[in-house]
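A short reminder: the numbers here are calculations on the coordinates, not readings from a lab. Since the structure is predicted, the reported quantities are computational estimates derived from the model, not experimental observations. Ideal geometry is used to build each Cβ from the backbone, glycine not excepted, and the neighbour counts take in all protein chains shown.
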Amino acid sequence: MSQEILEILKETDAFLEGHFLLSSGKHSDQYVQCAKVLRFPDKAAKVLAPVVEQLKTLDIDKVVGPAMGGVIVSYEIGRQLGKESIFTERKDGEMQLRRGFEIKPGEKVIITEDVVTTGKSTIETKKVLEALGAEVLGVACIADRRAPGVEIDMPIYSSIKLEITAWDAKDCPVCKAGKIQLVKPGSRGNA
Ligand SMILES: O=P(O)(O)OC[C@H]1O[C@H](OP(=O)(O)OP(=O)(O)O)[C@H](O)[C@@H]1O
Ligand SMILES: O=C(O)c1cc(=O)[nH]c(=O)[nH]1
């Protein structure tokens with residue numbers, strides 16, 4: 001199954017090689033641009049089906065994705081599970097629930113992401129949702145590219161686990177080689 005997901009990521013040009021500045025500030029020579037696969041509704045359904053399968057035994061009230069990467073993922077997971085799908089977004093640099101979306105106290109929520117690397121975005125979203133009274137059951141993503149030993153304090157469900165290195169900027173071998181310009185595909189300002 002993982003092989004099939006990887007093939008879909010490659011055939012939709014979502015799997016990139018180069019020199020990337022990640023949302024966490026780390027550098028990498030590989031990047032999963034999930035927007036490329038999510039532009040095709042049938043492929044979005046396929047790459048999310050394995051993670052939805054893992055969620056089916058959970059008692060979920062709502063799925064909530066942080067913008068941008070989590071929004072289409074939230075919609076598609078919500079569609080497959082038959083659950084309400086909403087999103088959080090940054091306003092003045094702060095992640096918030098806006099647009100009249102609501103979390104009722106005690107509601108059981110799954111966070112959705114396209115990619116989890118350090119878990120920073122997921123943890124930030126969890127704090128926002130818990131402050132509104134949600135019980136966060138975990139995070140569901142297309143690709144889990146956490147380095148070994150990077151743990152976050154909730155279950156992580158993914159369609160594919162990828163072994164991709166991310167370096168601190170000072171240790172980046174691509175910077176040292178000096179041949180490929182650094183690009184920042186994501187929208188979050190780095191910490
Ligand atoms: O696990 P982390 O280290 O937090 O990295 C993963 C996060 O980074 C990306 O978002 P980004 O901040 O680039 O914003 P975007 O989704 O708006 O493009 C991605 O969509 C995740 O939200
Ligand atoms: O860590 C990130 O910012 C990140 C990595 C990746 O492969 N894809 C993505 O969208 N974000």
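Quick one: of the DSSP bridges fully inside the chain, what percent are antiparallel, nearest 5? Write out the running numbers ahead of the final one.
Details: 11 of 33 bridges.
The antiparallel fraction comes to roughly 35 percent.
Can you pick out the pairs among LYS46/LYS120; LYS46/LYS161; LYS26/LYS176; LYS43/LYS179; LYS62/LYS127 whose Cα atoms lie more than 24 Å from each other? Mind showing how you got there, number by number?
Working: LYS46/LYS120 26 Å; LYS46/LYS161 16 Å; LYS26/LYS176 14 Å; LYS43/LYS179 34 Å; LYS62/LYS127 16 Å.
From the list (LYS46/LYS120; LYS46/LYS161; LYS26/LYS176; LYS43/LYS179; LYS62/LYS127), the Cα-Cα distance tops 24 Å for LYS46/LYS120; LYS43/LYS179.
Ranking request for peptides 145-154, 110-119: highest mean number of other beta-carbon atoms within 10 Å first, then the rest in descending order. Don't skip to the end; give the middle numbers.
Values: 145-154: 13.1, 110-119: 24.8.
Result, highest mean Cβ count within 10 Å first: 110-119, 145-154.
LYS108: which aspartates and glutamates have alpha carbons under 13 Å from its alpha carbon, excluding same-chain residues fewer than 8 sequence positions away?
Those aspartates and glutamates meeting the cut-off are ASP59, ASP61, GLU84, GLU130, GLU135.
Would you mind classifying the stretch 86-127 by shape? Square roots of the alpha carbon gyration tensor eigenvalues, ordered a ≥ b ≥ c; an a/c under 1.5 is rounded, otherwise it is prolate if a/b is larger than b/c and oblate if not. Show your work: numbers first, answer last.
Values: a/c = 2.01, a/b = 1.25, b/c = 1.61.
Taking the square roots of the gyration eigenvalues as a ≥ b ≥ c, the stretch 86-127 is oblate.
Can you give me the distance in nm between label points at ASP42 and MET1, each placed 7 Å from the Cα along the Cα-to-Cβ direction?
So the two model labels end up 2.2 nm from each other.
What relative contact order, as a whole-number percentage, does the chain give when Cα pairs under 8 Å and 6 or more residues apart are counted?
Details: 376 pairs, mean separation 47.5, N = 191.
Taking the mean separation of contacting Cα pairs over the length of the chain, I get 25 percent.
Once the piece of chain linking ALA49 and GLN30 is laid out straight, how much longer is it, given 0.36 nm per residue of separation minus the C-alpha distance between them?
On the way: separation 19, 0.36 × 19 = 6.84 nm, distance 2.37 nm.
Contour length minus the Cα-Cα distance gives 4.5 nm.
Over the Cα atoms of the chain, what Rg and Dmax result, in angstrom?
16.3, 52
Using a/c under 1.5 as the rounded threshold, could you call the stretch 54-150 rounded, prolate or oblate? The axes a ≥ b ≥ c are square roots of the C-alpha gyration tensor eigenvalues, and prolate needs a/b larger than b/c, oblate otherwise. Intermediate results must be reported in sequence, preceding the final value.
Numbers: a/c = 1.43, a/b = 1.09, b/c = 1.31.
Rounded.
Mind jotting down the distance between the C-alpha centroids of the stretch 69-97 and the stretch 133-191, whole Å?
Value for the Cα centre distance between the two parts: 19 Å.
Would you work out the charge dipole size for the chain about its Cα centre, treating the Cβ of every Lys and Arg as +1 and the Cβ of every Asp and Glu as -1, and quote it to the nearest 20 debye?
Values: 27 positive and 28 negative charges, 94 e Å.
Result for the chain is approximately 460 debye, rounded to the nearest 20.
Output needed: Cys residues of the chain lacking any neighbouring Cys C-beta below 4.7 Å, sorted by number.
Within the chain, the cysteines lacking a partner Cβ under 4.7 Å are CYS34, CYS141.
Given only helices, namely DSSP H runs of n ≥ 4 each adding -39500 (n - 2.57), what is the per-residue ellipticity at 222 nm of the chain, to the nearest 500 deg cm²/dmol?
On the way: 6 runs with 60 residues, N = 191.
So the helix-based figure for the chain works out to -9000 deg cm²/dmol.
For the stretch 5-58, what class follows from the C-alpha gyration tensor (a ≥ b ≥ c being the square roots of its eigenvalues): rounded when a/c is under 1.5, otherwise prolate if a/b is larger than b/c, else oblate? List each step's numbers first, then the result.
On the way: a/c = 2.79, a/b = 1.59, b/c = 1.76.
Since a/c reaches 1.5 but b/c is at least a/b, the shape of the stretch 5-58 is classed as oblate.
What distance in nm separates the two pseudo spin-label positions at LEU58 and LYS108, each 7 Å out from Cα along the beta-carbon direction?
1.0
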